[in-house]
1. Hey, can you tell me all the residues within the stretch 182-206 that are under 18 Å from K14 (Cβ atoms) and modelled with pLDDT under 70?
2. Being within 17 Å of A85 (Cα to Cα) and crowded, with 19+ Cβ neighbours inside 10 Å is the filter here; which residues of the stretch 29-39 pass it?
3. Kindly indicate the residue of the stretch 200-253 that is surrounded by fewer than 19 Cβ atoms within 10 Å (Cβ to Cβ) and among the polar types (S, T, N, Q) and also nearest to the chain's Cα centre (by Cα) among those meeting that condition.
4. Which pairs do you get when a residue that is in contact (Cβ under 8 Å) with a residue 60 or more places away in the chain, found in the stretch 131-152, comes within reach of a residue that is of a type in the set (S, T, N, Q) and not in a helix (DSSP H, G or I), reach meaning Cβ atoms under 7 angstrom, with the pair 6+ apart or on two chains?
5. So which of A314, A282, A299, A307 is of a type in the set (G, A, S) and either farther than 22 Å from F259 by Cα or outside the structural domain of R266 (by TED's automatic domain parsing) (or both)?
6. Can you tell me which of D48, D35 is in the same structural domain as A123 (by TED's automatic domain parsing), out of contact with any helix residue (DSSP H, G or I) (no Cβ under 8 Å at 6 or more places or on another chain) and closer than 19 Å to V98 by Cα?
7. Can you find even one residue in the stretch 1-20 that is at pLDDT 90 or above and buried (at least 17 other Cβ atoms within 10 Å of the Cβ)?
Amino acid sequence: MQTDALSDVLRVLKLSGGMFFRVRLRTPYAITAKDAEAMRQAFAPGADHMLPFHLVTQGPIYFNVDGAGVERLETGDVIVLPHGAGHALANPPDRAPVPVSTFKDQVSGSPPTLVMEGDGEEARALCGFFHCRGRLFNPLMEALPEVLVIRQDPERTPWLKATLERTFDETLGDRPGGTALVERLTGLLFMEVVQRHLEHAEQGGWLEGLTDPVIGKTLKLIHDQPARPWTVDELARRSGASRSVLASRFVELVGMSPFRYLTAWRMELAAARLLETADGLADIASDIGYESEASFSRAFKRLVGEAPSHWRSARQTA
């Protein structure tokens, strides 16, 4: 079965979502959101990445993002912080923020709702986190910017808003099958966010490589058949480019050679098997393209710094 690089990476990331809550704010206000790393440790310790997001259900709200400036979001806009950047919700935007923990006595109800009363303009938002795994090599997360803003689209935003709210309801509920549904909805939501970003923002790196006529074909070949004994010559021929053009263009966009990318992706696939199955090293090695357990172990140690058996044992113990 053929695949594509973006879908393949998303599949391996094991996306899920959690910590959904609402805010109702009246101007003036400025609150600093909780630290993403602290939230990861508390609520998703098995995740490697925590991506805060906010859907503005009644705007405007200004988001002051550390190191990335201020974004004004209107009703229906979504902001995602792929690298967990610190941020504050404010209006007016230059108001000094106060930690959200200061207002813990003002959180009540089900779903949990932070209400800040006042005489000014009211704004509302749905807040939460995507969390995912990317044990050794995560080209998508590395390629995403500090801030993703998805502006309201009259034709598509209602779907995004409705799905976010359905995910919110399922997370809070206790229905049979709810956990599986949340995982599927979260994957769909994150895919929609990334696809919107690909459509409307200037790209660079791995994301630009997905749409490049040569590099996109090369990435697809690698992700379709990661166990194949690829050579740069064969990848170039099947991608419709010369060896030199492929090699230079791949390094320019992806930041590494095609062979190094293939090796890194194989190790990511191996890491998933090491942690999620009891499969032996020989079987894993064969399935990802190595002729022997020894050659796989050497490649793994070169990339990771320790043998796969030790890496598996240490993480299972943790």
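1. Result: V182, E183.
2. Of everything in the stretch 29-39, those that are within 17 Å of A85 (Cα to Cα) and crowded, with 19+ Cβ neighbours inside 10 Å turn out to be A30, I31, T32, A33, A36, M39.
3. Here the residue is Q203.
4. So the pair list comes out as H131/S16; Q152/T75.
5. Testing whether each residue is of a type in the set (G, A, S) and either farther than 22 Å from F259 by Cα or outside the structural domain of R266 (by TED's automatic domain parsing) (or both) leaves just A314.
6. Going through D48, D35 in turn, the sole match is D35.
7. no
Residue by residue, here is whether (1) of a type outside the set (A, V, I, L, M, F, W, C); (2) in contact with a helix residue (DSSP H, G or I) (Cβ under 9 Å, 6 or more places away or on another chain); (3) farther than 30 Å from R266 by Cα holds:
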| site | (1), (2), (3) |
| --- | --- |
| V56 | no, no, yes |
| F63 | no, no, yes |
| E74 | yes, no, yes |
| G84 | yes, yes, no |
| P99 | yes, no, yes |
| L126 | no, yes, yes |
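The values are calculated or read from the model by the stated rules, or taken from the named source; none is laboratory data. Fair warning: this is a prediction, and the values are worked out from it, not measured in the lab. Here Cβ is always computed from backbone atoms with ideal geometry, including for glycine, and neighbour counts include all displayed protein chains.
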